[in-house]
Ligand SMILES: Cc1cc2nc3c(=O)[nH]c(=O)nc-3n(C[C@H](O)[C@H](O)[C@H](O)COP(=O)(O)OP(=O)(O)OC[C@H]3O[C@@H](n4cnc5c(N)ncnc54)[C@H](O)[C@@H]3O)c2cc1C
């Protein structure tokens, strides 16, 4: 099989490399004689750059660009709207990415100066691509990777209807070491809430930024062919009421290298192929730039197509599968791009919460299905028995995860110390000794000294904080709860302090500005509702887990229980439930749970205490995990990925 690729941009080069790696004959045909130095930089998601990393494995050619760890979104007067951790994104200069791909490409794979003209057909099947310089390339499969104005697309599917250009972007690259050292991995964006104008700056190296000014071109425009002076005057005028940092950055910009980008898209095509010709990248689909997904999608297209061509012998069937597996993701981006454009053009419709971070939406596999068992879990961030039960909940998730989802509810363990009496506990110092005892019995680290040194006055603030986290993202809220427990049980941090709560929210990837806003408003009400529910369900002990199956049969587990007890409940409520084989590989376990105590690791990996210690020490020595040593034990943290 010989594959002829038309277009040597990110999509074409990636596909050429992936096919070549599989020993499939391939030729990339690029219209330019030299690679574009035009174009600035783009954001790329891990889904895209992990494929590039795979391509360069063993080649000692480092992936260009830098990781972007934080998104700071502000109004144009500087007032913060969102501050969010982003650890899956990278900002890469276009020319560096093209150079990186070129370095990996074996000699002779690319033929330059070839402008696609038309296909030569025999018996209704394309057999060759004809180029304007008279050259011809024969092949079995032809791939149009020739960008948004694709001539290949035009040849096989006719013309597409582009949307009107209403939003434009002035883009530039400039050096500012001072700002780059202050904001080393931060994507900063300012957006007006009264008119369609925004400014974004993203570091692309230790000294350079790529910046963009998006503007509503229906309201005010600057000629595409304007001189650098005119472009500068236009930007200065549009951004005159933006914070000083914007001017500080633009002061170093060379406007002769900046240009205006006309943003437009077209609706999802009914197919990406015709016969033996298929489209990838911008030739196949085009979304508005608000979602920052163009380059990532181009690389995913290349990978998906390669995998399917290898898996399915029949290329047309492979093309159909390729369309089927890409179309939903692509149409989501087109739709999201349009939605964001609408909000951008009509800022009066924006409420701070609606601003969407340019994240690629979750994969289908992440979407929760309708599971046969509901579990209501009444807990409290300071509950030590809940901390002890955590390894069991984690294991249940691994072994029976397809049968249940957990609905986390806060039970309000400690309203205040006034007239408090719960078993033997009446004052903070009682908790200190209780925790030390729990630690001795269960072998799980807990440092009770916090109750002597800086006792928490109530467990309500961290409970309300959990509800605020849950309002943003149920999965991240679970990580948040885990994180604040670690802060309290191991690091002796008083998690009533809003600074700790805000830090925890940020660390797990929540939008911390929204978190604070919700904490002060809606989360209070949500917490009250949990308390009412706990009262109605007569929850008096923590943890309380209420398991309900689809026939509304309910079994309640109260307080500490052994693992087999929980398993038994699942089997009683779902008699044919099958336990999944437990994958005890340490790296797998750390990819599921980014932090573990020794007890947790031992329970999940089924290793003895000695083997657990040996394995964890070994992982630590090899740099896979980090550790925090508390008074009564260690917590290990994966260095593979934060979440
Ligand atoms: C010059 C340039 C600058 C860009 N700058 C930015 C930027 O700053 N920020 C950003 O987010 N995105 C930028 N992009 C877009 C971004 O690269 C793409 O959206 C994304 O990477 C998808 O890549 P692609 O390979 O599908 O398309 P493209 O990157 O557009 O690549 C298409 C390739 O096909 C070639 N080609 C076109 N027509 C023909 C033809 N008839 N015959 C043969 N070859 C042909 C082009 O020369 C190009 O190399 C730029 C694209 C280009 C071409």
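One table, with the values for the structure above:
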item	result
Which numbered condition residue 253 misses (of (1) part of a loop (DSSP other than H, G, I, E, B); (2) within 16 Å of the ligand (Cβ to nearest atom); (3) farther than 18 Å from residue 39 by Cβ)	(3)
Residue within region 491-506 that is more than 18 Å from residue 460 (Cα to Cα) and touching a strand residue (DSSP E or B) at 6+ places or on another chain (Cβ under 8 Å) present	yes
Within region 104-138, considering residues that are within 39 Å of the chain's Cα centre (by Cα) and at positive phi, the one nearest to the ligand (Cβ to nearest atom)	113
Residue 63, sole failed condition from (1) surrounded by 15 or more Cβ atoms within 10 Å (Cβ to Cβ); (2) within 25 Å of residue 182 (Cα to Cα); (3) touching a strand residue (DSSP E or B) at 6+ places or on another chain (Cβ under 7 Å)	(3)
Candidate set: region 32-41, residues that are modelled with pLDDT of 85 or more and either out of contact with any strand residue (DSSP E or B) (no Cβ under 7 Å at 6 or more places or on another chain) or not assigned by TED's automatic domain parsing to the domain that holds residue 146 (or both); chosen: the one farthest from the ligand (Cβ to nearest atom)	33
Failed item, numbered, when residue 596 is tested on (1) under 28 Å from the mean Cα position of the chain (by Cα); (2) part of a helix (DSSP H, G or I); (3) within 18 Å of residue 398 (Cα to Cα)	(2)
Residue check, residue 501 at pLDDT 95 or above and either assigned by TED's automatic domain parsing to the domain that holds residue 442 or surrounded by fewer than 22 Cβ atoms within 10 Å (Cβ to Cβ) (or both)	yes
Criterion (under 27 Å from residue 504 (Cβ atoms) and touching a residue at least 24 places away in the same chain (Cβ under 8 Å)) met by exactly one of 83, 93	83
The listed residue being touching a residue at least 40 places away in the same chain (Cβ under 8 Å) and over 21 Å from residue 47 (Cβ atoms), out of 255, 322	255
Breaking point among (1) touching a strand residue (DSSP E or B) at 6+ places or on another chain (Cβ under 7 Å); (2) within 27 Å of residue 603 (Cα to Cα); (3) at pLDDT 95 or above, for residue 548	(3)
Count of region 516-567 residues which are under 36 Å from the mean Cα position of the chain (by Cα) and in a helix (DSSP H, G or I)	22
Count of residues meeting criterion [more than 10 Å from the ligand (Cβ to nearest atom), surrounded by fewer than 16 Cβ atoms within 10 Å (Cβ to Cβ) and under 30 Å from residue 235 (Cβ atoms)] in region 139-174	3
Options 50, 14: the member that is over 18 Å from residue 204 (Cβ atoms) and either more than 9 Å from the ligand (Cβ to nearest atom) or not assigned by TED's automatic domain parsing to the domain that holds residue 283 (or both)	50
Filter result for residue 539 (surrounded by 20 or more Cβ atoms within 10 Å (Cβ to Cβ) and over 14 Å from residue 410 (Cβ atoms))	no
Test: residue 73 is touching a helix residue (DSSP H, G or I) at 6+ places or on another chain (Cβ under 9 Å), under 21 Å from residue 292 (Cα atoms), within 16 Å of the ligand (Cβ to nearest atom) and in contact (Cβ under 8 Å) with a residue 40 or more places away in the chain	no
Unmet requirement for residue 245, which otherwise passes all of (1) exposed (fewer than 13 other Cβ atoms within 10 Å of the Cβ); (2) within 25 Å of residue 79 (Cβ to Cβ)	(1)
Matching option when the condition is surrounded by 17 or more Cβ atoms within 10 Å (Cβ to Cβ), within 30 Å of residue 201 (Cβ to Cβ) and assigned by TED's automatic domain parsing to the domain that holds residue 283, among 86, 101, 109	101
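Residue by residue, here is whether (1) more than 30 Å from residue 127 (Cα to Cα); (2) more than 25 Å from the chain's Cα centre (by Cα); (3) more than 16 Å from the ligand (Cβ to nearest atom) holds:
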site: 18; (1), (2), (3): no, no, no
site: 21; (1), (2), (3): no, yes, yes
site: 30; (1), (2), (3): no, yes, no
site: 43; (1), (2), (3): yes, no, no
site: 62; (1), (2), (3): yes, no, yes
site: 68; (1), (2), (3): yes, no, no
site: 83; (1), (2), (3): yes, no, yes
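Residues checked against (1) near the ligand (Cβ under 9 Å from one of its atoms); (2) in contact with a helix residue (DSSP H, G or I) (Cβ under 9 Å, 6 or more places away or on another chain); (3) under 20 Å from residue 41 (Cα atoms):
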site: 267; (1), (2), (3): no, yes, no
site: 273; (1), (2), (3): no, yes, no
site: 281; (1), (2), (3): yes, yes, yes
site: 288; (1), (2), (3): no, yes, yes
site: 295; (1), (2), (3): yes, yes, yes
site: 299; (1), (2), (3): yes, yes, yes
site: 314; (1), (2), (3): no, no, no
site: 317; (1), (2), (3): no, yes, no
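The values are calculated or read from the model by the stated rules, or taken from the named source; none is laboratory data. As the structure is a prediction and not an experimental result, all values here were calculated from the model. Cβ sites come from the backbone with ideal geometry, for glycine too, and all protein chains shown count toward neighbours.
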